[in-house]
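Where a number appears in this text, it was derived from the coordinates with a stated rule and is not lab data. Just so you know, these numbers come straight off a predicted model, no measurement behind them. Cβ placement follows ideal geometry from the backbone for every residue including glycine, while neighbour counts extend to all protein chains displayed.
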Amino acid sequence: MAYPAVFHFRIIVEVGAAAESVLEVAVAAYKITQPLTSSQASAAGRYQAYSVSVEMQSRDELYAFDAAVKSVPGVRMLL
């Protein structure tokens, strides 16, 4: 893979975890190409999905982003 490259992420969060503001802080350190936006909730209403696109400069930066997002309380999955 050639860097820099833009990655499109879906972040699945437990509803009620109040994670949106913490996610915004976690992703703010990176070059955002499409801002963090709330998308659809799960059918049972237990999870909320968020989307964000980020330009990564290296594989190490990608791994750091992955770790930062997954460290947010309530995050269940990063796709």
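Some values worked out for this structure:
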{"item": "Label corresponding to Rg and Dmax of the Cα atoms in Å when calculated from the structure given, among [x] 12.4, 39; [y] 19.3, 52; [z] 11.8, 38", "result": "[x]"}
{"item": "Virtual paramagnetic centre 7 Å along Cα→Cβ of S58, amide N under 13 Å, in the stretch 1-39", "result": "3-4"}
{"item": "Within the stretch 37-67, backbone nitrogen closer than 18 Å to the virtual label 7 Å beyond the Cα of V6 toward Cβ", "result": "37-38, 51-58, 62"}
{"item": "Inter-site label distance for I32 and L79 at 7 Å from Cα along Cβ, in nm", "result": "2.2 nm"}
